[in-house]
Amino acid sequence: MNPSISTPPPLYRPNARNTHQRLPVTGVILAGGAGRRMGGADKGWLDWQGKPLIEEAIAILHGDCTDIVISANRNLERYAQWGYPLVSDPVADFQGPLMGLAAGMRAATQDWVASIPVDSPYLPQDIVRRMWQTKGGHDLVVVRSAGHWHAVICLCRRALLPQLQRYLDGGGRRAQGWFQDLSFAGLTLPADLLRNCNHPEDMT
């Protein structure tokens, strides 16, 4: 089943660093989680340093991506205010971020897709360009810290969607599992840049 896709008219764009230097990449913001450790909150709308987390995620991707897709399963009318295409999971029971990544890859307009979670506001503003410069001849770049893969912070060719879909169709949901049989490059970053806002105390 294809995910639902809606494309509201553009209403808002943050200032670009340099629109002439954007990469042939569709950025995907993964904002469709259940937020269980946040009491079921839609984390994209939690306040972080005076603005919602979704705004920070857009700012991280906007400077280097040709376009952006937001993967969300709730509050779609609120997310639509940013003016970017929205995609939702084909099922309604929050089966993990790879569902959102697959939906974003289907909606992508570029040959390359970069994904970030909405709850990672410490990511470098040039994370997409760093991944791009790391890829070499690989079709996938996965970010890691020492000893831990952050598998949904990645850059991949859109052509990998069939492989990801087979993994999902076979019941795979673990983010670190879908790319293990692929040839990929790793980008190592300090752990403090990869922190997630998983608990209320992380928002302070």
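The values are calculated or read from the model by the stated rules, or taken from the named source; none is laboratory data. As the structure is a prediction and not an experimental result, all values here were calculated from the model. All Cβ positions, glycine included, derive from the backbone under ideal geometry; neighbour counts span all protein chains shown. Just so you know, the surface numbers come from the protein's heavy atoms only, side chains and all, with ligands and any DNA or RNA stripped out. Shrake-Rupley method; radii C 1.70, N 1.55, O 1.52, S 1.80 Å.
Can you find a residue that is assigned to a helix (DSSP H, G or I), open to solvent by 40 Å² or more (accessible area, probe 1.4 Å) and modelled with pLDDT under 90 anywhere in the range 173-185? Full working, then the answer.
Initially, the range 173-185 is screened for residues assigned to a helix (DSSP H, G or I), giving none.
No - not one qualifying residue is present in the range 173-185.
Cβ-Cβ distance below 7 Å, separation of 6 or more or different chains: which pairs start in the range 178-192 with a residue that is over 19 Å from Leu168 (Cα atoms) and end on one that is small (Gly, Ala, Ser)?
Within 7 Å, the pairs are Ala185/Gly136; Thr188/Ser145; Leu189/Ser145; Pro190/Ser145; Ala191/Ser145; Ala191/Ala146.
Is it true that Ser115 is in a loop (DSSP other than H, G, I, E, B), of a type in the set (Gly, Ala, Ser) and open to solvent by less than 20 Å² (accessible area, probe 1.4 Å)? Quick ask: steps written out before the conclusion?
Values: in a loop (DSSP other than H, G, I, E, B): no; of a type in the set (Gly, Ala, Ser): yes; open to solvent by less than 20 Å² (accessible area, probe 1.4 Å): yes.
For Ser115, the condition - in a loop (DSSP other than H, G, I, E, B), of a type in the set (Gly, Ala, Ser) and open to solvent by less than 20 Å² (accessible area, probe 1.4 Å) - is not met.
Residue-wise test of (1) modelled with pLDDT under 95; (2) under 23 Å from Trp45 (Cβ atoms).
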{"site": "Gly96", "(1), (2)": "yes, yes"}
{"site": "Ala103", "(1), (2)": "yes, yes"}
{"site": "Ile127", "(1), (2)": "no, yes"}
{"site": "Gly147", "(1), (2)": "yes, no"}
{"site": "His150", "(1), (2)": "yes, yes"}
{"site": "Leu161", "(1), (2)": "no, no"}
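Taking the condition assigned to a helix (DSSP H, G or I) and open to solvent by less than 10 Å² (accessible area, probe 1.4 Å), does Leu164 pass?
Details: assigned to a helix (DSSP H, G or I): yes; open to solvent by less than 10 Å² (accessible area, probe 1.4 Å): yes.
When the stated conditions are applied, Leu164 passes them.
Quick one: is His148 in contact (Cβ under 8 Å) with a residue 12 or more places away in the chain, touching a strand residue (DSSP E or B) at 6+ places or on another chain (Cβ under 9 Å) and either open to solvent by 50 Å² or more (accessible area, probe 1.4 Å) or within 24 Å of Pro85 (Cα to Cα) (or both)? Step through it out loud before you land on a result.
Details: in contact (Cβ under 8 Å) with a residue 12 or more places away in the chain: yes; touching a strand residue (DSSP E or B) at 6+ places or on another chain (Cβ under 9 Å): no; either open to solvent by 50 Å² or more (accessible area, probe 1.4 Å) or within 24 Å of Pro85 (Cα to Cα) (or both): yes.
When the stated conditions are applied, His148 does not pass them.
Taking only pairs six or more apart or across chains, which ones have beta-carbon atoms under 7 Å, a first residue in the range 40-64 that is closer than 21 Å to Gln110 by Cβ and aliphatic (A, V, I, L, M), and a second residue that is modelled with pLDDT under 85 and surrounded by fewer than 21 Cβ atoms within 10 Å (Cβ to Cβ)?
Listed by first residue and then by second, the contacts come to Ile58/Pro14; Ala59/Pro14.
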